[in-house]
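Here the structure comes first, spelled out in structure tokens, and everything after it is commentary.
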Amino acid sequence: MSNISAADVAKLRKQTGAGMMDCKQALGESNGDFEKAIEFLRKKGAKVAAKRADKDATEGFVMAQTNSNSTFGVVVMVNCETDFVGKSEEFVTFVKNIASKAVENKVTTLDEARAMKIGDLTIEQMLNDLIGKTGEKMEFDSFAAVEAPFVASYNHLGNKIGTLVALNMTHPDVAEKGHDVAMQIAAMNPVAIDKENVTQHMIDKEIEIAMELARKEGKPENMLEKIAQGRLQKFFKESTLLNQEFIKDNKKSVGDYLKDSDKNLTVTAFHRFGIGS
């Protein structure tokens, strides 16, 4: 085994951010070869992730971003175990770099995002490096992208929630409208764009719940279906984006707010990621 100098250990630590003892061990295991030592640390990071698989990664950082002409956008969420790491400069920069690189390359899937390279490292390798440095479980499992005539993004205070919304046309008011609707999605967490977009499974579940509630309230059995259908309509109004009360003016729906600018203006897609939700 090569003699490992303190200068070499310090150099590797500066390169990787790993602990002194980890760097010393990595250089020892790789006979002083820096590339092999860095690979050793990455593998150690992967092992750390495996050891902490039973931990909950309920903190993290969300980043929603669009390109310069607002026709393509992504939203990225990376989870970690503690708020301390989630707010750290290196972790925040890592998530922001994923978003920027994905927008730059018009990446549309999670697998493509994980395989992106920043410098010589893939995002997956960089994540393992961070795991090795912090000793925390981290997960990059949430990524979405949209392309449309206009895409708006919104990052809620502290980047705990990020949203994207796609609109079907451009318009002088579209930037303001898009921003407001993206905020609406962050605040009200709709389940679908409109009632036609709600899955049959979700509809069946809502009807089942409504009928059971009515039954417990002592309503006649022959009225349960009708009562459930009424409550389903209320669910559509409260939980589908275009039918929700607009948060800035509860006298109109989000759909009406969009139509104030153009009768054909509407939402074609949206995504919302939230830490802990």
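Tabulated data for the structure shown
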read-out: Single residue of SER253, SER261 found to be touching a strand residue (DSSP E or B) at 6+ places or on another chain (Cβ under 7 Å), surrounded by 15 or more Cβ atoms within 10 Å (Cβ to Cβ) and in the same structural domain as MET77 (by TED's automatic domain parsing); value: SER253
read-out: Residues of segment 58-95 that turn out to be assigned to a loop (DSSP other than H, G, I, E, B) and either farther than 26 Å from MET20 by Cα or not assigned by TED's automatic domain parsing to the domain that holds GLY158 (or both), as a count; value: 6
read-out: Whichever residue in segment 147-173 is surrounded by 21 or more Cβ atoms within 10 Å (Cβ to Cβ) and not small (Gly, Ala, Ser) and, among such residues, is farthest from PRO190 (Cα to Cα); value: PHE150
read-out: Residue match in segment 190-210 (condition: at pLDDT below 95, buried (at least 19 other Cβ atoms within 10 Å of the Cβ) and not charged (D, E, K, R)); value: yes
read-out: Filter pass, ILE118 being at negative phi, buried (at least 18 other Cβ atoms within 10 Å of the Cβ) and not charged (D, E, K, R); value: no
read-out: Some residue of segment 44-56 being surrounded by 14 or more Cβ atoms within 10 Å (Cβ to Cβ), at negative phi, modelled with pLDDT of 95 or more and not aliphatic (A, V, I, L, M); value: no
read-out: Single residue of GLY132, GLY73 found to be among the small types (Gly, Ala, Ser), farther than 20 Å from LYS47 by Cβ and in contact with a Leu (Cβ under 8 Å, 6 or more places away or on another chain); value: GLY73
read-out: MET126 vs. criteria hydrophobic (A, V, I, L, M, F, W, C), farther than 14 Å from GLN65 by Cβ and either out of contact with any helix residue (DSSP H, G or I) (no Cβ under 9 Å at 6 or more places or on another chain) or not in a helix (DSSP H, G or I) (or both); value: no
read-out: Residues located in segment 96-121, provided they are over 19 Å from LEU164 (Cβ atoms) and not in a helix (DSSP H, G or I); value: LYS117, ILE118, GLY119, ASP120, LEU121
read-out: Filtered residues of segment 141-178 (kept if more than 18 Å from THR268 (Cα to Cα) and either without any contact (Cβ under 8 Å) to a residue 40 or more places away in the chain or not in a strand (DSSP E or B) (or both)); value: HIS156, LEU157, GLY158, ASN159, LYS160, PRO172
read-out: Pairs with Cβ under 7 Å, 6+ apart, first in segment 25-52 and under 18 Å from LYS14 (Cα atoms), second surrounded by 14 or more Cβ atoms within 10 Å (Cβ to Cβ) and among the β-branched types (Val, Ile, Thr); value: LEU27/ILE4; LEU27/VAL9; GLY28/ILE4; GLY32/ILE4; ILE38/THR16; LEU41/THR16; GLY45/ILE131
read-out: So ALA53, is it in a loop (DSSP other than H, G, I, E, B), out of contact with any strand residue (DSSP E or B) (no Cβ under 8 Å at 6 or more places or on another chain) and more than 30 Å from SER5 (Cβ to Cβ); value: yes
read-out: Which listed residue, of PHE72, PHE61, PHE84, is closer than 16 Å to MET126 by Cβ and of a type outside the set (Val, Ile, Thr); value: PHE61
read-out: Matching option when the condition is outside any loop (DSSP other than H, G, I, E, B) and more than 15 Å from THR266 (Cβ to Cβ), among GLU196, GLU212; value: GLU212
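The values are calculated or read from the model by the stated rules, or taken from the named source; none is laboratory data. What you see is a predicted model; the values in this text were computed from it and never measured. As a convention, Cβ positions derive from the backbone with ideal geometry for all residues, glycine included, and neighbour counts pool all protein chains shown.
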